Amino acid sequence: MSVLRVMIVLSLPFAAFAAEPAVRVWEASITLPTWEEAPPDPMPHFAALGAEQPWYPYPVRSSLGKQSRAETWRTLNLENEFLACIVLPDLGGHLYSCRDKLSGYEMFHANPSIKKAMIGLRGAWAALGVELNFPVGHSLLTVSPVDFRTTQTADSASVWVGATDRVTGMRWRVEFTLERGAAVLRQSVRLENATPVRQRYYWWTNAGVTLTDDTRFVLPTKEIASHGKTQIDTWPVGKSGLDRSNPANFPTSAGWFAHESREPFVAVYHPRAQTGTLHYADPAEVAGKKIWAWGRDEDRQVRAMLSDDNSQYVEIQAGLFANQETFGFLEPGASRAFTEYWIPVRKLEGISQAGRDAVLYLARKAGTLQAQLMATRGIEGARTRISCGGKTTVDEAVVLDPAKPWTRSIAAAPAGPCRLQLTDGSGKLLLEYNEGETRVAAAESVKPVTPSAADSGAGFELQGDFRRASEEYNKARSFSPASPVLRRATGRLAVIMQRYEEGAALLAAAADAEAHYYRGVALAALGKDEDARSEWTAARGDAQFGPAAAVGIAAALGRSGNVQAAAKELAAAGASTTRALVMQAAMARAAGNAAAAKESVTRAAELDATDPGMRFELVRQGGSDPKLWEHLAADPERVLEIAALYMDWGRYRDALELLTYGYVPVAAMRREAGAGMPQDHPLVAYYRGYCHAKLNEYFAEDFRLASALPVRYVFPNRPLERRVLEQALETNAGDANAHYLLGLWYLNAQRIPEGSREIQAAQRLRPEFAEARTMLTALKLPAADAATAAPTMAAPTAPAPAAPKPEAPKVVAPPPPPSPAPPPPASRPSSLDAVPGWNSKTQPNPAAAALEAAASGNLDQAFGYFNRSNFPEGKQPDAVRAAYIELQLLRLLALAAARQCQQADNGITTLGYEDKNLPFTFNGFGGFTKGARFQYHLGLVEAACVDEKEARKRFEKVSRMRAPMTSPDFAYAYMALAKLGPVGDLGSVARQLDGALAAARPDDVPALQYNKGLLLVITGNKEAAAAAFRQGAASAPPGMLRYLNQSALRTLAK
């Protein structure tokens, strides 16, 4: 028995082995080795500023440690006669384990340690069990605490998990249920958009299953498609003869989607043990099916990276859409509910078809037809019929038992496809399968479709690129300024982006219900409720937007204090989302209708037992829920989320109950990374002051306290928060915190001028305001009063003449070959201001100086800037970290050029190890070393020194990487191809680059010129390449892009 299995078994009460209910649920805990994680990056990452991980308002979790320790995690346990399952509510709600009690088979990859790697959208990610992904994946909360509850009836038990996505405001919840007598785990999913605007989304369930040497994928399809449908191949054996049902045949990591399959299942099967994990769902609801394997090339690294026991896993995934490039829109007030099932397979020789009630294997072996049925529940009076070639060969009544598969062997079965049908005692068809049949959709049309301008903009919206979508809409409007469709689309997007003034103006000539509705949303956000109600009234009769308009009208009535009218309007609207029902309850309670209030909140609980807003409303109605306050204490955002809901409806007194509560600290493993106590969060204090002001009560002290609280990890993004912060500034225009936080709100709305103005105001008011200074650096704006303000880091110091380059203790490579002798001490720069080309006003940290030195060939001097005096803190901007690891790469290239190959090889192995003299190196550099450019240069080191075969593998990997044209990684796929053989005609790529340059923003020019120069190098046109690099360097500010262009020029000159 494995250590993990022992730990799980021992965590169950002794009573589990005595007389117990057939199905039960309980909370417990499990202790697992857990790898350390340092606090997340306090720097907000904005799409408008080109962030690589633009998931604001979430902080990026990129600081992963290199040691582990035993940690105790809460578990939610489900058990019936057949299955024993565990859910981890503090790790994204993962379904961690589900053990088949009949066979002992563990259905999922129950990793015996929590070992995080930089794989998730926010960074940290762990391989364990089933991951729930909404509205994007890998989930932004994949290793974060989520909302949870447990429920029990006489014949079933459920674990509920759910969360609100902070980027969009949408909610998801999953109910895992075991029923008495059923060997199947039901997964009921509900997705809701209670926000006033449409949001993009997808849903994918991602199950890791432990890999064994005989693991096989069972994917019911005729063809498979790669991401983006760039490749379509036959299944299971591809056109090249490769059998992809065997994960061992994957050379590299890959995911494949079932192409146009209309079958209801996907599975992993282990032939030797005759066990497997099967996912079942109605394909009309859950259309997507995917398989994933890491592949041979990365197997050893992945086992070390994601496990402590050298285990490996494969994935089967299921989603609402055909692939993971496809998103849909969830309209305001809309919801979507569907059901998935997890079925353990046992004592079957394979899998041919599956349903909720049974799994079937039907195949011919040596002329004998083998039929095997494994029921998921006891079925008395069932009947099986097998017919071959139109002739019935089996027709018998059977009693099906999950513990005993039904089997039949038919010798010399007639030729022609055989059909098996399973019916229950009433004659209802439970399962049907025609031998060899795979149901697929009709062939796709190959006719090209030219999208309209509105469609093109919507396509960018669906991919989350609002800037490009806005550009597309506005470009189309320049040709058709009178188009109501384009005007509506542009205005709607402006409202979605919280650019309310712009949206209201564009929709002023509203001619249809949607335009009226979105103009109402914009006006309400601007505090013009009467005008908003007029717009919503015009949309009230529309089938699609009428219900959402009614909710808006009710909220505006609530804010006006007319709770009777608000309750009546909301009841008439037929509220269908959990949050609308919660507010229906709150309005009824405020109007004195306790019965209606109780009915509404009960309906909300039936939809989502995890919803903290629902739980709080139950408390306001007189209920008791001590665990609610502990749950809220774990993350101030939960407090703000519910308070904002009540404040939006004018229920300020209710909100104050949340905002004034004395929360008690909770264990670190139960808290969101970076989260402090709610009472220490400035937005909680600002909200509190806003509520007191609305109630005509004393509020100045709340705003004063908020102005003095730290703003680390405080990232406002809700529509309400603009009004709250503006109220604070009306009270005290000298509140630096309010200016700064309002600036972040504007930057999130991609309103850079307004955001810059507010952050500059914050820094002028408080010159030492470190967060404001950091944001000004990101905005490429000078800090106010820079000459007298306290710097955010020590003034960068160039190395002393005789000082050796600092060496990272764990890096075994020796220093690079000596650079030319330094100038005498009198001529050495004493500060960065004296370094040639250096200007401290435009280069606020020494990382850029280090890159300038490296570009000029002085690697010793470059390394010298990285010392504890210059970088005393453990958290440094990405620009600093990127510069540091770039110098490590340059040293490897220098070692390879000097044929110091053993040191180069060791250097690749230890690349990114911690330097005890530089605290910021503790957390590794995985996010920087995985890009195409970095990997290409590691290939050059390997080609020169280590192993041509390994280098070729790396170049092949790089050749498949794709990056935007505005990324310095773009051209390296072609550079790698050039290392592998003739590249072919690059003319079309060059023309695309030229087109991009013609329309480029100034910030994008340096990278585009750099990529252009690299392509010209490939084609042998060095003179034109040098011109491109010169233009790239001239247009780039000090930093990485200038360094890359300068280095490329220097290389050409050699």
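The values are calculated or read from the model by the stated rules, or taken from the named source; none is laboratory data. Everything quoted here is computed from the prediction, not taken from an experiment. Here Cβ is always computed from backbone atoms with ideal geometry, including for glycine, and neighbour counts include all displayed protein chains.
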Would you check which residues across region 18-56 are assigned to a strand (DSSP E or B) and either under 21 Å from THR142 (Cβ atoms) or of a type in the set (Val, Ile, Thr) (or both) and list them? VAL25, SER29, ILE30, THR31, LEU32, PRO33, THR34, TRP35, GLU36, GLU37
From ARG61, ARG74, grab the single residue that is closer than 15 Å to VAL143 by Cα and surrounded by fewer than 21 Cβ atoms within 10 Å (Cβ to Cβ). ARG74
Could you tell me which numbered condition ALA655 fails, if it satisfies all but one of (1) over 21 Å from LYS694 (Cβ atoms); (2) touching a Phe, Trp or Tyr at 6+ places or on another chain (Cβ under 6 Å)? (1)
Considering region 631-668 alone, what residues qualify as being in a helix (DSSP H, G or I) and not hydrophobic (A, V, I, L, M, F, W, C)? HIS631, PRO636, GLU637, ARG638, GLU641, TYR646, ASP648, TYR652, ARG653, ASP654, GLU657
If I ask for residues that are surrounded by fewer than 20 Cβ atoms within 10 Å (Cβ to Cβ) and outside any helix (DSSP H, G or I), which ones from region 498-537 would you list? ALA508, ALA509, ALA511, ASP512, LEU526, GLY527, LYS528
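Conditions tested, residue by residue: (1) at pLDDT 95 or above; (2) not assigned by TED's automatic domain parsing to the domain that holds ARG751; (3) not hydrophobic (A, V, I, L, M, F, W, C).
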residue: GLY457; (1), (2), (3): no, yes, yes
residue: PHE460; (1), (2), (3): no, yes, no
residue: GLN463; (1), (2), (3): no, yes, yes
residue: ARG467; (1), (2), (3): no, yes, yes
residue: ASN474; (1), (2), (3): no, yes, yes
residue: PRO484; (1), (2), (3): no, yes, yes
residue: ALA489; (1), (2), (3): yes, yes, no
residue: LEU493; (1), (2), (3): yes, yes, no
Would you point out the residue of region 247-272, among those that are in a loop (DSSP other than H, G, I, E, B) and touching a Lys or Arg at 6+ places or on another chain (Cβ under 6 Å), that is surrounded by the most Cβ atoms within 10 Å (Cβ to Cβ)? GLU263
Within region 273-288, residues part of a loop (DSSP other than H, G, I, E, B) and either touching a residue at least 60 places away in the same chain (Cβ under 8 Å) or closer than 9 Å to GLU340 by Cα (or both) come out as ALA273, GLN274, ASP282, VAL286
Evaluate the following for ASN732: is it polar (S, T, N, Q), touching a helix residue (DSSP H, G or I) at 6+ places or on another chain (Cβ under 7 Å) and under 19 Å from VAL639 (Cβ atoms)? no
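Residue by residue, here is whether (1) in contact (Cβ under 8 Å) with a residue 40 or more places away in the chain; (2) surrounded by 16 or more Cβ atoms within 10 Å (Cβ to Cβ) holds:
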{"site": "ASN923", "(1), (2)": "yes, yes"}
{"site": "TYR936", "(1), (2)": "yes, yes"}
{"site": "ARG962", "(1), (2)": "no, no"}
{"site": "LEU977", "(1), (2)": "no, yes"}
{"site": "SER988", "(1), (2)": "no, no"}
{"site": "LEU993", "(1), (2)": "no, yes"}
Tell me, please, whether a residue that is in the same structural domain as SER68 (by TED's automatic domain parsing), among the aromatic types (Phe, Trp, Tyr), crowded, with 16+ Cβ neighbours inside 10 Å and not in a loop (DSSP other than H, G, I, E, B) can be found in region 294-310. no
From the list ALA976, ALA932, ALA898, which residue is of a type in the set (A, V, I, L, M), over 29 Å from ARG1001 (Cβ atoms) and out of contact with any Cys (no Cβ under 9 Å at 6 or more places or on another chain)? ALA898
Could you tell me whether region 916-929 includes any residue that is over 19 Å from SER63 (Cα atoms), hydroxyl-bearing (Ser, Thr, Tyr) and not assigned by TED's automatic domain parsing to the domain that holds GLY65? no
Pairs please, first residue from region 683-712 and of a type in the set (A, V, I, L, M) and surrounded by fewer than 24 Cβ atoms within 10 Å (Cβ to Cβ), second anywhere and in a loop (DSSP other than H, G, I, E, B) and at pLDDT below 95, Cβ atoms under 6 Å, 6+ apart in sequence or on different chains. ALA693/PHE699
Do the conditions hold for ASP1004, that is, is it crowded, with 17+ Cβ neighbours inside 10 Å and outside any helix (DSSP H, G or I)? no
Considering every residue within region 617-630, establish whether at least one is in a helix (DSSP H, G or I), in contact with a Ser or Thr (Cβ under 7 Å, 6 or more places away or on another chain) and outside the structural domain of ARG670 (by TED's automatic domain parsing). no
Just to be sure, is TYR313 among the hydroxyl-bearing types (Ser, Thr, Tyr) and assigned by TED's automatic domain parsing to the domain that holds ALA183? yes
For region 374-417, how many residues meet the condition of being over 30 Å from VAL184 (Cα atoms) and among the basic types (Lys, Arg)? 1
Under the condition of being of a type in the set (Lys, Arg) and under 25 Å from VAL136 (Cβ atoms), which residue from region 199-246 is surrounded by the most Cβ atoms within 10 Å (Cβ to Cβ)? ARG200
Quick one: which strands (runs of 3 or more DSSP E) lie wholly within region 57-132 and hold at least 3 residues that are within 30 Å of TYR913 (Cβ to Cβ) and without any contact (Cβ under 8 Å) to a residue 60 or more places away in the chain? 64-79
Residue in region 563-610 that is farthest from ASP147 (Cα to Cα), counting only those that are acidic (Asp, Glu) and out of contact with any strand residue (DSSP E or B) (no Cβ under 7 Å at 6 or more places or on another chain): GLU569
Residues of region 409-425 being modelled with pLDDT under 95 and either under 42 Å from the mean Cα position of the chain (by Cα) or assigned to a loop (DSSP other than H, G, I, E, B) (or both), which ones? ALA412, ALA413, PRO414, ALA415, GLY416, PRO417, GLY425
Based on this model, can you work out whether LEU581 counts as touching a Ser or Thr at 6+ places or on another chain (Cβ under 9 Å), of a type in the set (A, V, I, L, M, F, W, C), modelled with pLDDT of 95 or more and more than 24 Å from LEU695 (Cα to Cα)? yes
On the basis of being among the aliphatic types (A, V, I, L, M), in the same structural domain as ARG296 (by TED's automatic domain parsing) and under 23 Å from the mean Cα position of the chain (by Cα), does ALA254 make the cut? yes
Looking only at residues that are within 18 Å of TRP203 (Cβ to Cβ) and of a type in the set (D, E, K, R) in region 125-154, which one is surrounded by the most Cβ atoms within 10 Å (Cβ to Cβ)? GLU131
Being under 19 Å from TYR972 (Cβ atoms), of a type outside the set (Val, Ile, Thr) and either out of contact with any Pro (no Cβ under 9 Å at 6 or more places or on another chain) or buried (at least 19 other Cβ atoms within 10 Å of the Cβ) (or both) is the requirement here; does GLY912 meet it? no
Among SER144, SER139, the single one that is farther than 26 Å from ALA293 by Cβ and of a type in the set (Ser, Thr, Tyr) is SER144
